[in-house]
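Participant: Before we start, here is the structure in question, set down as structure tokens.
The values are calculated or read from the model by the stated rules, or taken from the named source; none is laboratory data. Here the structure is a predicted model, which means the values were calculated and not measured. Methodologically, a virtual Cβ is constructed for each residue, glycine included, from the backbone with ideal geometry; neighbour enumeration extends over all protein chains shown.
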């Protein structure tokens, strides 16, 4: 398994949307992908086309019960890991158990939605991950949080995805330029603000089905390409 | 020892040259009878045909050598064998033709010399440390050009990739316009006016030179938009060669000049400028004789000050300034990469006016500062300048060639005193070799016969100014060329076309007379009649094409589109986006190719994202055309920052012009001949239609006159 932990240092950065769309982009590029929800909000299923009320399985609490094997869009495997599991497992043990339970092959890429850092499972997930992605909106608050981003990425392989960039606004353009300048190599990609992302969610369609030619779709594809190349680097370094 | 080896080498080199000269002279002067001459010509031509297909520079050089030998032999024969006329009329007309031929021969040989080995100079990298880069002043002189044209140039100059503390931009406004001053303030560039307008552009530049301090001066005519890479591509050579006084880059035009538009050759056949900037300047560069062309060039302040600023004595201040630098031992350089582009002159009359100015200026330099005399020039430099100046005297010789066969057909004058077969045996090889060699050497930059067309269009107009300037260089006025207008209706420019309409009529009459003489004449001289008929026919073809050039085609689109394919994103109302590709751009417009149809409608307000240096800006635009997946956007009401961004993403791109420039397919003599035939036929057809319409209008006016009263204004 290739493990990728996705988190953020500010609220509302769009971690879940990023995981869902990256997973779909990777799946379209014919990679085996599992999206694992470690976020207490448990919204990943929704982003991948599963409705909570329709699928009791997804949220039904059992002893460390990942969602019943449910395939959302195309060939993205999604598992929701009920954090409030009454089994009493916590932290590292919970993450390990969840990953084991996936029974994914060596080639599978597991994208872990860790929610906003620090979440109950974000530290252990990041400790296990081959790559850590941080989602950052191009806003002043996010720029101010850059030192934290750096400290989180320190000693880890990873990158930053700037989400909802809007070049039509001067301030957003300038912050984006600052981020790009300061992040330099750490930047994995920039995803533009695109109405199609939330509209696709509302229609329970994948972004690609909803809008084949949108800017955000293209951006996620580029991010996925960069993610793959960094995973290859990580693997090469490990050997 | 070394001395002795050196002497030996010198002796052997001299001997080699001596032998070569002797062989050359022998071939040129050896008398041959008709059969031998034919055999010799055939042999030479076969060798030339073989060489024509071979790639590389050596075959081209050998072709030139062959052509010089064959043409020299022809000229020797012409001078020694064909001038024994008894009739005074024959002698007078014959001498005229001979002089014209000598002119053509000299320019042919000088032309070969000029392009012996085009240097193909590449840009030199600048120092790694930006602090070692010199300071540059960018001058944008303007007089009466529209602000909409000039602002593009100014904003593009601001986008030049150069350290900001070492780059200052100066608009030199001889028109003293308030709107220019306001724009310059807003854009943050220097605005200069001076007390008077003495010496026009040269004076304008000199006035600005006195007020600035930069190490180097880059000059752009107000309608020549530089690419961002201009300075980085050019200044490296100045740092490497401290004696470098001037570096020129090509003048590239993204709109069709009037000849190209009327002949329908834009983008298909190289225009006049392409030969000069593609080949001649590159050839001059080898001889350290690159000319300054007034724009798209960098000059060193030191060299400019050494020659007393931009020359003011002649109307072609640019060429004269470079000549003065050469005399003082400064070098010049040429880089054949288009790093700026502009609009070509709009109407034929403006085009002709511009050429007249160049011709006058060159004639003035020849008189006031003759490059063949005076100090400081090397022999190749003198030859290169001489060729450039002689070039503009083609007016009279061209008219002579266009009328020569008529002397025999109308007046029965024998202007070449030789049997027709001998003329054919000597003259045809001379012409064919010249055609073939030029086609091989100039192929990518000029196609066969087009030179004749261009010269025929201009011959009459250029004749008088050059002769006047030659005899009294101070007379005549400076005229500025107007650019960027519209031609709203197709029309026939009779006032411009009159000289060659007359020539055409004469040649057509000559053709008729010739045919009559052939069939109903007293016999005899059949070969001579055929020879002159052939010549007349050729003249008619060339004049037909010249006439086509004078029928002005309608030109409605104000902005000229330039191809550009880069990624962009379209944002429609409501925030949805669409990734797409650009197709072309123009001043204030952009063409997009969308991935699917029916996305937008005409009149929609949209935004388009353009990326530059991995940064983006969204620009508001209106959809003006929709054709399936292709849409056209028009930008209006952009802020200055947005406008600058648009220019930086379009006109300023380093590779904006490289794909169109000098990329013509090579010349193929037969195809060129067929093309010129078709253009000529079109010209004659248009002329016929125009004459018919004109006739009908006159007849109609006469017949209707008694019936109706004239309309009251």
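Conditions tested, residue by residue: (1) under 26 Å from residue B:516 (Cβ atoms); (2) free of Cβ contacts under 8 Å to residues at least 40 places away in the same chain; (3) crowded, with 21+ Cβ neighbours inside 10 Å; (4) within 16 Å of the chain's Cα centre (by Cα).
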| site | (1), (2), (3), (4) |
| --- | --- |
| B:401 | yes, no, yes, no |
| B:406 | yes, no, yes, no |
| B:410 | yes, no, no, no |
| B:421 | yes, no, no, no |
| B:442 | no, no, yes, yes |
| B:448 | no, no, yes, yes |
| B:458 | no, no, yes, yes |
| B:462 | no, no, yes, yes |
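Participant: Moving to a separate point now. I'd like the full set of residues that are in contact (Cβ under 8 Å) with a residue 24 or more places away in the chain, outside any helix (DSSP H, G or I) and crowded, with 18+ Cβ neighbours inside 10 Å, limited to region A:195-215.
Facilitator: The one that is in contact (Cβ under 8 Å) with a residue 24 or more places away in the chain, outside any helix (DSSP H, G or I) and crowded, with 18+ Cβ neighbours inside 10 Å: A:206.
Participant: Of all residues in region B:507-551, which are in a helix (DSSP H, G or I), over 18 Å from residue B:451 (Cβ atoms) and out of contact with any helix residue (DSSP H, G or I) (no Cβ under 6 Å at 6 or more places or on another chain)?
Facilitator: Within region B:507-551, B:508, B:509, B:512, B:515, B:516, B:519, B:520, B:526, B:530, B:534, B:537 meet the criteria.
Participant: Is it the case that residue A:135 is away from every other protein chain (no Cβ under 14 Å) and closer than 26 Å to residue A:235 by Cα?
Facilitator: Against the criterion (away from every other protein chain (no Cβ under 14 Å) and closer than 26 Å to residue A:235 by Cα), residue A:135 qualifies.
Participant: Give B:654, B:672 a once-over and let me know the one that is touching a residue at least 60 places away in the same chain (Cβ under 8 Å), under 25 Å from residue A:173 (Cβ atoms) and within 28 Å of the chain's Cα centre (by Cα).
Facilitator: Within the list B:654, B:672, the selection yields B:654.
Participant: For region B:325-355, what are the residues that are buried (at least 24 other Cβ atoms within 10 Å of the Cβ) and out of contact with any strand residue (DSSP E or B) (no Cβ under 6 Å at 6 or more places or on another chain)?
Facilitator: Across region B:325-355, the qualifying residues are B:326, B:335, B:339.
Participant: If you don't mind, another one. Within region A:154-166, work out how many residues are within 14 Å of chain B (Cβ to nearest Cβ) and either out of contact with any helix residue (DSSP H, G or I) (no Cβ under 7 Å at 6 or more places or on another chain) or more than 17 Å from residue A:215 (Cα to Cα) (or both).
Facilitator: 1
Participant: Among (1) surrounded by 15 or more Cβ atoms within 10 Å (Cβ to Cβ); (2) more than 14 Å from every other protein chain (Cβ to nearest Cβ); (3) modelled with pLDDT of 90 or more, where does residue B:560 come up short?
Facilitator: Result: residue B:560 passes all but (3).
Participant: Residue by residue through region B:603-615, note down the ones that are more than 16 Å from residue B:159 (Cβ to Cβ) and at the interface with chain A (Cβ under 10 Å from one of its Cβ atoms).
Facilitator: B:607, B:609 - these are the residues of region B:603-615 that are more than 16 Å from residue B:159 (Cβ to Cβ) and at the interface with chain A (Cβ under 10 Å from one of its Cβ atoms).
Participant: Does residue A:156 meet the test of being in a loop (DSSP other than H, G, I, E, B) and surrounded by fewer than 17 Cβ atoms within 10 Å (Cβ to Cβ)?
Facilitator: It is true that residue A:156 is in a loop (DSSP other than H, G, I, E, B) and surrounded by fewer than 17 Cβ atoms within 10 Å (Cβ to Cβ).
Participant: Within region B:177-250, which helices (runs of 4 or more DSSP H) (wholly inside it) include 1 or more residues that are touching a helix residue (DSSP H, G or I) at 6+ places or on another chain (Cβ under 7 Å) and at pLDDT 95 or above?
Facilitator: Counting at least 1 such residues, we get B:178-187, B:200-210.
Participant: Given the structure, is residue A:209 over 18 Å from the mean Cα position of the chain (by Cα) and within 14 Å of another protein chain (Cβ to nearest Cβ)?
Facilitator: Against the criterion (over 18 Å from the mean Cα position of the chain (by Cα) and within 14 Å of another protein chain (Cβ to nearest Cβ)), residue A:209 does not qualify.
Participant: Kindly establish whether residue A:150 is within 17 Å of residue A:137 (Cα to Cα), more than 14 Å from chain B (Cβ to nearest Cβ) and outside any loop (DSSP other than H, G, I, E, B).
Facilitator: yes
Participant: Residue B:628: free of Cβ contacts under 8 Å to residues at least 24 places away in the same chain and loosely packed, with under 14 Cβ neighbours inside 10 Å, yes or no?
Facilitator: Criteria not met by residue B:628.
Participant: Restricting the search to region A:20-35, which residues are in contact with a helix residue (DSSP H, G or I) (Cβ under 6 Å, 6 or more places away or on another chain), closer than 15 Å to residue A:228 by Cα and assigned to a helix (DSSP H, G or I)?
Facilitator: Answer for region A:20-35, where residues must be in contact with a helix residue (DSSP H, G or I) (Cβ under 6 Å, 6 or more places away or on another chain), closer than 15 Å to residue A:228 by Cα and assigned to a helix (DSSP H, G or I): A:21, A:22, A:25, A:26.
Participant: Is it the case, given these coordinates, that residue B:593 is within 7 Å of chain A (Cβ to nearest Cβ), modelled with pLDDT of 90 or more and over 20 Å from residue B:156 (Cβ atoms)?
Facilitator: no
Per-residue answers, yes or no, for (1) away from chain A (no Cβ under 14 Å); (2) under 24 Å from residue B:343 (Cα atoms):
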| site | (1), (2) |
| --- | --- |
| B:566 | yes, yes |
| B:569 | no, no |
| B:582 | yes, yes |
| B:601 | yes, no |
| B:637 | yes, yes |
| B:643 | yes, yes |
| B:657 | yes, yes |
| B:667 | yes, no |
| B:673 | yes, no |
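Participant: Taking residue A:197 and the conditions (1) within 14 Å of another protein chain (Cβ to nearest Cβ); (2) at pLDDT below 90, which numbered condition does it fall short on, given that it satisfies the others?
Facilitator: Among (1) within 14 Å of another protein chain (Cβ to nearest Cβ); (2) at pLDDT below 90, residue A:197 violates only (2).
Participant: Go through region B:75-127 and give me each residue that's over 32 Å from the mean Cα position of the chain (by Cα), without any contact (Cβ under 8 Å) to a residue 60 or more places away in the chain and in a helix (DSSP H, G or I).
Facilitator: Within region B:75-127, B:76, B:79, B:80, B:88, B:91, B:92 meet the criteria.
Participant: Any idea which of B:40, B:24 is part of a helix (DSSP H, G or I), under 30 Å from residue B:415 (Cα atoms) and in contact (Cβ under 8 Å) with a residue 24 or more places away in the chain?
Facilitator: B:24
Participant: Residue by residue through region B:616-629, note down the ones that are within 13 Å of chain A (Cβ to nearest Cβ) and over 23 Å from residue A:191 (Cβ atoms).
Facilitator: The answer is B:621, B:629.
Participant: Still on this structure, I have one more. Give the number of residues within region A:167-194 that are touching a residue at least 60 places away in the same chain (Cβ under 8 Å) and either farther than 15 Å from residue A:226 by Cα or facing another protein chain (nearest Cβ under 10 Å) (or both).
Facilitator: Qualifying residue count, region A:167-194: 0.
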